[in-house]
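So the structure is just underneath, and the comments pick up after that.
The values are calculated or read from the model by the stated rules, or taken from the named source; none is laboratory data. Nothing here was measured: the structure is a model prediction, and the numbers come from that model. We place every Cβ from the backbone using ideal geometry, glycine too, and count neighbours over all the protein chains shown.
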Amino acid sequence: MPMKYIIIVGCGKTGKELAVEFSKEHNVIVIDKFRSALESLGDDFNGKKVLGDALNIKTLENAGIKEANILILSTGNDNVNIVISKVAKKLYSNIEKIALQVYDTDKKKIFSQEGLIIVNKTYILVEVFKKCLL
């Protein structure tokens, strides 16, 4: 698999795990508003950290969004994830895939129709439980 340039917005539990895992084989940049979140990546993270608000275009561009192949939004705020994903989709045609974490299952249905990859933990857990138990 060719090396990808991946930007991850949000360095909470999900963003951190994705960053550490993907940085083993890809160029990964993590954006977060909180220095402590970026510092939590530790020594296993082999990528770049950008302190800033990804709602600001300059922050995205400082992270290299013009060269990115993949954008992952895992801020924990559905509306922030959705706004950034729509802006990125409109402004940066180089991005092959945009995936966002969405907590609200109603929003999942709406935005998956726009060509965005929507990940909803509740939906995933329900599907896993169904496969394991039924």
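Within the stretch 55-90, count every residue that is touching a residue at least 24 places away in the same chain (Cβ under 8 Å) and not in a helix (DSSP H, G or I).
Of the residues in the stretch 55-90, 15 are touching a residue at least 24 places away in the same chain (Cβ under 8 Å) and not in a helix (DSSP H, G or I).
Do we find that Asp106 is in contact with a Ser or Thr (Cβ under 9 Å, 6 or more places away or on another chain) and either in a helix (DSSP H, G or I) or exposed (fewer than 12 other Cβ atoms within 10 Å of the Cβ) (or both) in this structure?
Working: in contact with a Ser or Thr (Cβ under 9 Å, 6 or more places away or on another chain): no; either in a helix (DSSP H, G or I) or exposed (fewer than 12 other Cβ atoms within 10 Å of the Cβ) (or both): yes.
Against the criterion (in contact with a Ser or Thr (Cβ under 9 Å, 6 or more places away or on another chain) and either in a helix (DSSP H, G or I) or exposed (fewer than 12 other Cβ atoms within 10 Å of the Cβ) (or both)), Asp106 does not qualify.
Of these, Ile84, Ile29, Ile70, which one is buried (at least 19 other Cβ atoms within 10 Å of the Cβ), among the aliphatic types (A, V, I, L, M) and under 17 Å from Ile118 (Cα atoms)?
That would be Ile84, the only listed residue that is buried (at least 19 other Cβ atoms within 10 Å of the Cβ), among the aliphatic types (A, V, I, L, M) and under 17 Å from Ile118 (Cα atoms).
For Gly76, which of the numbered conditions (1) of a type in the set (Gly, Ala, Ser); (2) under 26 Å from Met1 (Cβ atoms); (3) at pLDDT below 95 fails to hold?
Looking at each condition in turn, Gly76 falls short on (2).
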